[in-house]
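Enquirer: Quick one: the structure is below, questions incoming.
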Amino acid sequence: MSSQQDDLKETDTEARFEFKKEEKSAFQTEKGLTEETVRVISEDKDEPEWMLERRLRALEQFQEMPMPTDWPGQPDLSEVDVDEIIPYIRPDVDVRAGVDDWTELPDEIKDTFDKLGIPEAEKNALSGVGAQYESEVVYQNMQERWEEKGVIFCNMDEAVQEHEEIVREHFMTKCVPPSDNKFAALHGAIWSGGSFVYVPENTTVDMPVQAYFRMNSEGMGQFEHTLIIAEEGSEVHYIEGCSAPKYSAFNLHSGGVEVFVGEDAHVQYSTVQNWSKNTYNLNTKRAIAEKGGRMEWISGSMGSKATMLYPSTILKGRGASDNHITIAFAGEGQDIDTGAKVYHNAPDTKSTVESKSIAKDGGRTNYRGLVHIADGAENSSTAVECDALMFDNESTSDTMPYMEINESKVDVAHEATVGKIGDEDIFYLQSRGLDDDDAKQMIVSGFIEPITEELPIEYAVELNRLVELEMEGSLG
Amino acid sequence: MATLEINDLHARVAEEGGERILRGVDLTVESGDIHALMGPNGSGKSTLAKVIAGHPAYEVTDGEVLLHLDEEDVADLDDDLDDEDYHWKLLELEPNERAALGIFLGFQYPAEIEGVTMTNFLRQALNAKADEREELFEDEEGEEADADEDDDGYETSPMEGPADDGEIGVAEFQQILSEKMELLDMDEKFMQRYLNAGFSGGEKKQNEVLQAAMLEPAIAVLDEIDSGLDIDRLQDVSEGINALRDEQGTGVLQITHYQRILDYVEPDHVHVMLDGQVVKSGGAELAEKLEDKGYDWVREDAFETA
């Protein structure tokens, strides 16, 4: 334990005061992205050689790939200039030692998470909590009873050190290789922090595991990596929350999520993201489901200037299934381009996609989806449903569902609705005493209810609050 | 004692060249009375109901709608309101303000709101009404509304748990609700369903009466509450309407095509509407005569007197 933390523990007021006045970050890289930067990050993390090599290879791929610009109707990324971001900021916490006592966190960070609604009390309802501040996980805790069963929940950097073999096998190899897209490559080069979850065979973690990511500094990028491995017959629910305050410069969030769903295993990945309105949120999230495995993606995308995010699932084994529930909210100046991708690569696979979007004050939402059914994936079925809700005539919403069906014995359904919030609905609620705003809010929270009901109550409340604040236009 | 007073009300569809529908309606409904408003399709009955409640699809071109309340009607407010009568020009108020003052509209085709449970909705409606009432009467008394206090938005969300000051508590709410639902012979399972979503026609109508029972309006305008009801449901709904009057002293303006419901809910007054005007008023016997003879004779009478 560092002497600074000793000071904290002794509750020496003066020491605390001085501590808070110190530099917020212990170390940060220069702006921009060079081989040198990548080496510096890897060195600062004391990584094994193979990880550095992967980073450098990813960097090469990033430099070779062009920016995506030609997708129909895609968000404008011309402002995204990697030379202008700070890829790595290590806050002043002794992350190497691992902080697993909330009270040991610096006040500033603790306050931030308290304000975000990640108070210590929540630990009681969760199997484990991790909190990332800037580029590093500053707090991590897992209930002992899960640890005893061999469940691992730690930050990704620690996993590289402590569980090297598993990470080496799975990290950006089969699920999300850096070659997948330009931002996956960027992520591969400068990733930092994130979560590692490993659930052994036939183990059910019956309370959610939670991670929270906070980007606090101006002009930074956050590139956390989440790797979830659920062995055969296991079950886990992982929840991620993300946010960043608003600064004048743009921020870039380019996370990577890889999920391995073993035979007959069940993984639920839920996220509520609320980025500041100048964040570019460009992520790659993918799951591979083995025979009989079940993957569920539940996501609420709030905030950001532009989001491009299409969580995808590869249904690799017979009878694997996938369920997507997504919600997007776009206000003034926002372009939320999100959807789902499902690859049916085996027979008897099932998928459902339920996508809801809300646009107001000229915001734009787009559902971009892909369902691929491979030749031979007989008796597979998919159902896609997209509902868009608009507040006014200035807002726009598009639906771009691609279906690639190469097998005839399948069941495919697609349904899309686009509607303006109904005047009759609003009037009905007003006639019961709700004012115009509350009536709209009630309709919207009903609209997103399929998502909130899947989330633990703390997140459901948070999502509702975020939506309400968005509706009031009071989120900056 | 509350009185709804409609004087020479003219209204048209609120769009360019919109059709004139109400052409000088005069009608007065007092609390504790049941009025039946009858008339053929297209005579303007539903429009009148919507205009009273403030529907934005209609534009009032002339006339006024007044609501008179006395101290009894405002007894729920803790404030030391003066011992006086209150007069409100409803046409100047938002629909939710009218609701807060005690106007209730029972819809012929209630909206279906997915994802909002009945419990959640009713609690929020009750709390909204209480808040709005306080504000309206504070303003009336010329006191500055406390901006900080009013702007607590999501703090009052039912998901936030315990009620804030002045809000109805969960236990109290549940108790009142159970009583009212029992009266209407409604299953408790109703409360976890989404507002009107997938409700049968009869269930929707029962739900409208349940809401009136919960919100305790001074005046309830029920737009064809009897349409689409089988005989059992009709009896339940009728019992509910009678209870509104007997237990809450609500004044009811019941819009209907048929005599049938009037067998169960006996009106004190019956009015006939034709071509956007109330052309004839009488007692319960008028409804029976309409049932026998239709509207043509009323039309002839009206033309003669015109």
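The values are calculated or read from the model by the stated rules, or taken from the named source; none is laboratory data. Remember, predicted model here, so these are calculated numbers, not experimental data. Backbone-built Cβ (ideal geometry, glycine too); neighbour counts: all protein chains shown. The area values use the complete protein model at the heavy-atom level, side chains included, leaving out ligands, DNA and RNA. Shrake-Rupley method; radii C 1.70, N 1.55, O 1.52, S 1.80 Å.
Enquirer: Run the 1.4 Å probe and let me know the accessible area of A:S397, rounded to the nearest 10 Å².
Expert: Spelled out: A:S397, probe radius 1.4 Å, area about 20 Å².
Enquirer: A further question follows. So which residue, out of B:D275, B:D187, B:D26, gets the largest mean-square fluctuation from a GNM of chain B using Cα contacts under 10 Å as springs?
Expert: Sorting by GNM fluctuation, first place goes to B:D187.
Enquirer: Using modelled amide H (1.01 Å from N, peptide plane; none on Pro or chain starts), what sits under 5 Å from the amide H of A:R318, excluding residues fewer than 5 places away?
Expert: Amide H neighbours of A:R318: A:K291, A:G292.
Enquirer: Karplus couplings for region B:23-31 from phi (6.51 cos²θ - 1.76 cosθ + 1.60, θ = phi - 60°), rounded to Hz, Gly and Pro as x?
Expert: Computed from phi, the couplings for region B:23-31 are 10, x, 8, 10, 6, 10, 10, 9, 4 Hz.
Enquirer: Search the structure for amide H atoms under 5 Å from the amide H of A:K277, placed 1.01 Å from N in the peptide plane, and list their residues when 5 or more places away or on another chain.
Expert: Distant-sequence amide H within range of A:K277: A:S304.
Enquirer: In nm, to one decimal, how far is the modelled label at B:E300 from the one at B:E15, with both set 7 Å along Cα→Cβ?
Expert: A separation of 3.9 nm, rounded to one decimal place.
Enquirer: Add -39500 (n - 2.57) for each DSSP H run of 4 or more in chain B, then divide by its residues: what number comes out at 222 nm, to the nearest 500 deg cm²/dmol?
Expert: -11000 deg cm²/dmol
Enquirer: Rolling a 1.4 Å sphere over the protein heavy atoms, what is the accessible area per residue of chain B, to the nearest Å²?
Expert: 45 Å²
Enquirer: May I ask you to evaluate 6.51 cos²θ - 1.76 cosθ + 1.60, the Karplus curve with θ = phi - 60°, for each residue of region B:218-226 and list the ³J(HN,Hα) values in order in whole Hz, giving x for glycine and proline?
Expert: Once θ is set to phi - 60°, the couplings for region B:218-226 become 6, 10, 10, 9, 10, 8, 6, 5, 8 Hz.
Enquirer: Right, something else. With +1 on each Lys and Arg Cβ and -1 on each Asp and Glu Cβ, how big is the dipole of chain B about its Cα centre, in debye rounded to the nearest 20?
Expert: Numbers: 22 positive and 79 negative charges, 530 e Å.
Roughly 2540 debye for chain B.
Enquirer: Considering the dipole of region B:1-43 built from charges on the beta carbon (Lys and Arg +1, Asp and Glu -1) around the Cα centre, which of B:H10, B:S43, B:L22 is farthest to its positive end?
Expert: B:S43
Enquirer: Oh, and also: Please turn the phi angles of region A:208-213 into ³J(HN,Hα) values with the Karplus equation 6.51 cos²θ - 1.76 cosθ + 1.60 (θ = phi - 60°), one per residue in order, whole Hz, x for glycine and proline.
Expert: Residue by residue, region A:208-213 yields x, 9, 10, 10, 10, 10 Hz.
Enquirer: Alpha carbon centre of region A:317-366 versus region B:1-64: separation in Å?
Expert: One Cα centre to the other: 46 Å.
Enquirer: Sticking with this one: For A:D398, which sequence-distant residues (separation of 5 or more, or a different chain) have an amide H within less than 5 Å of its own amide H, given hydrogens modelled in the peptide plane?
Expert: A:T365, A:N366, A:Y367
Enquirer: Per residue of B:93-101, count partner chain C-beta atoms within 10 Å of its C-beta, then hand back the mean as an integer. Display every interim value, and only then the final one.
Expert: Details: counts 0, 3, 12, 11, 3, 3, 7, 2, 1.
Going residue by residue through B:93-101 and averaging, the value is 5.
Enquirer: Whole angstrom only: what separates the Cα centroid of region B:235-272 from the Cα centroid of region A:375-395?
Expert: 47 Å
Enquirer: So what's chain B giving for Rg/Rh, alpha carbon basis, Kirkwood Rh from the mean inverse pair distance?
Expert: 0.97
Enquirer: Top to bottom by accessible area (1.4 Å), largest first, where do B:I21, B:I52 land?
Expert: Greatest to least solvent exposure: B:I21, B:I52.
Enquirer: Between chains B and A, what is the buried accessible area summed over both chains (1.4 Å probe, protein heavy atoms, nearest 100 Å²)?
Expert: For B against A, buried area totals roughly 2500 Å².
Enquirer: If you build a Gaussian network model of chain B, linking Cα atoms that sit under 10 Å apart, which residue out of B:A212, B:A130, B:A197 swings the most?
Expert: With Cα springs under 10 Å in chain B, the top fluctuation among B:A212, B:A130, B:A197 is at B:A197.
Enquirer: When Cβ neighbours within 10 Å are restricted to other protein chains, what is their mean count per residue of peptide B:195-206?
Expert: Partner-chain Cβ atoms within 10 Å, mean over residues of B:195-206: 1.
Enquirer: Oh, and also: Residues of A:446-455, mean number of Cβ from any other protein chain within 10 Å of their own Cβ, rounded to a whole number?
Expert: Averaged over the peptide's residues, the number is 3.
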